Amino acid sequence: MELRHLRYFDAIAETQNFTRAAERLHVTQSTLSHQIRQLEEELGLVLFDRSHKKVALTEAGEMLRSHLMPALQQIDRGLQAMSHPAETLSGEIRIAATHSFNTRLVPLCVSSFLSHHPGIRVSVEELSASLIAKRLVSGHLELGVSYRPEDRSELWFEPLYNEELKLVVSDRHPLAKRRRVRMIELHNCRMVLLPRQFSTRLLLDDCFEAAGAQPLVIAELNSIAPMIELIRQTDLAGIIAETAVSPAADLRAIPIEDPTPIRTPGLLWKKGGNRSPMVKHMASLIRRAAAGHAG
């Protein structure tokens, strides 16, 4: 069975006439009849009732066409995308990411996306995990890069990888030369952290409590980039995902243990939402980029 057999079958089913179907397909009627006989012989089924002026589908033919139409439409869309790549995606995509992913990962993916589809407008918001979940549910966003929401009844969550948070200090900090730091050692440590409306801060507070540590939170900043700059210029320490910290000679990222703070970032969609081709493409770019970070 070849694709042309299925296209011939579909043309006859639509026109209900071998002559008109042959004209549409630019083949002779005898060629068309021969190809349909080949298809019926291969399937061992009669697909058309030829006893009337109009050709009618048999029950087997109806069943074949019900399964065939979606497949042919998908093939045609794929061929069109290959022939006219610049026209396959258009419009606007609205996404949001939490702070650490919006520092490096998301800009990298947006850059790659726009290089293939320069005509598309990409809107990126940097929000807390809770706000991302709310805006996905309300329809104001189409895709989120965040963490598993507490209420998953209206959202799909696709885990990307497990991410270890590390202690980030300047090269002048007393802990800068340590290979590892236990969470209890951060008791009374001068720190800059995210505010408590962020899920990452809640995770860290749980880790501090489990270790019996209470840091001195000197500053709270709601964005990663200024937090890193403050760490660079002061004696404050922070706990940040290493993927959000660009390699620099004056900064150190040190693993934490007992316990090790670990998050699982992922992609978020609204359940039942219609994911457009451009949203699917952006999601695939984020998956590949995340796989690189995880590796």
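Things to note:
- Accessible-area composition of the chain, carbon plus sulfur, in percent [1.4 Å probe]: 51
- Distance between the range 177-222 and the range 1-70 - C-alpha centres, whole angstrom: 70
- Computed from backbone phi, the HN-Hα couplings of the range 51-60 come to 7, 10, 4, 8, 6, 10, 6, 6, 4, 5 Hz, rounded to whole numbers (Karplus: 6.51 cos²θ - 1.76 cosθ + 1.60, θ = phi - 60°; Gly and Pro given as x).
- Global geometry of the range 92-143, whether rounded, prolate or oblate, following the gyration tensor of its Cα atoms and the 1.5 cut on a/c: oblate
- Given charges at beta-carbon only (K, R positive; D, E negative), |dipole| of the chain in Debye: 340
- Each residue of the range 228-241 was assigned a 3J(HN,Hα) from its phi angle through the Karplus curve 6.51 cos²θ - 1.76 cosθ + 1.60 (θ = phi - 60°); the sequence is 5, 5, 5, 4, 4, 9, 10, 8, 7, 10, x, 10, 9, 5 Hz, with glycine and proline shown as x.
- Close amide H partners of L251, meaning residues 5 or more places away or on another chain with modelled amide H under 5 Å apart, are D171.
- Taking Cα centre as origin and charging only the Cβ of basic (Lys, Arg, +1) and acidic (Asp, Glu, -1) residues, the dipole magnitude of the range 78-214 rounds to 740 debye.
- For the listed peptides 232-241, 54-63, a ranking on the average number of other beta carbons within 10 Å per residue, highest first, reads 232-241, 54-63.
- Each of I231, V124, L68 was scored by the projection of its Cα onto the charge dipole of the chain, and the greatest displacement toward the positive side belongs to I231; charges sit on the C-beta of Lys, Arg, Asp and Glu.
- Note, ³J(HN,Hα) from phi for the range 20-26, Karplus 6.51, -1.76, 1.60, rounded to Hz, x at Gly and Pro: 5, 5, 5, 4, 5, 8, 6
- Between R178, R148, R65, the Gaussian network model of the chain with springs among Cα atoms under 10 angstrom shows the greatest mean-square fluctuation at R65.
- Debye log10 I(q)/I(0) for the chain, one point scatterer per Cα, at q = 0.08, 0.09, 0.16 Å⁻¹: -0.54, -0.61, -1.17
- Exposure rank, largest accessible area first [R190, R263, R288; 1.4 Å]: R288, R190, R263
- Between L108 and E229, the contour length at 0.36 nm per residue exceeds the alpha carbon distance by 41.5 nm.
- The chain: most fluctuating residue of P70, P159, P226 per GNM, C-alpha cutoff 10 Å: P70
- Spin-label pair Q38/S115, simplified geometry with 7 Å Cα→Cβ offset, distance in nm: 4.4
- Here the range 155-234 is treated as an ellipsoid with the same Cα gyration tensor; its semi-axes, largest first and in whole Å, are 22, 16, 14.
- Using the 1.4 Å probe convention, the accessible area of the range 1-72 works out to 62 Å² per residue with neighbouring protein chains retained.
- Solvent-accessible heavy-atom area per residue, rounded to whole Å², over the range 150-295 at 1.4 Å: 52
- Straight-distance crosslink candidates among lysines, where the alpha carbon sits under 26 Å from K271 and sequence neighbours closer than 8 are dropped: K134, K280
The values are calculated or read from the model by the stated rules, or taken from the named source; none is laboratory data. Worth saying up front: this structure is predicted, and the values here are computed from it rather than measured. Every residue, glycine among them, receives a Cβ derived from its backbone with ideal geometry; neighbour counts consider all protein chains shown. Surface accessibility is based on the protein's heavy atoms, side chains included, excluding ligands, DNA and RNA. Shrake-Rupley method; radii C 1.70, N 1.55, O 1.52, S 1.80 Å.
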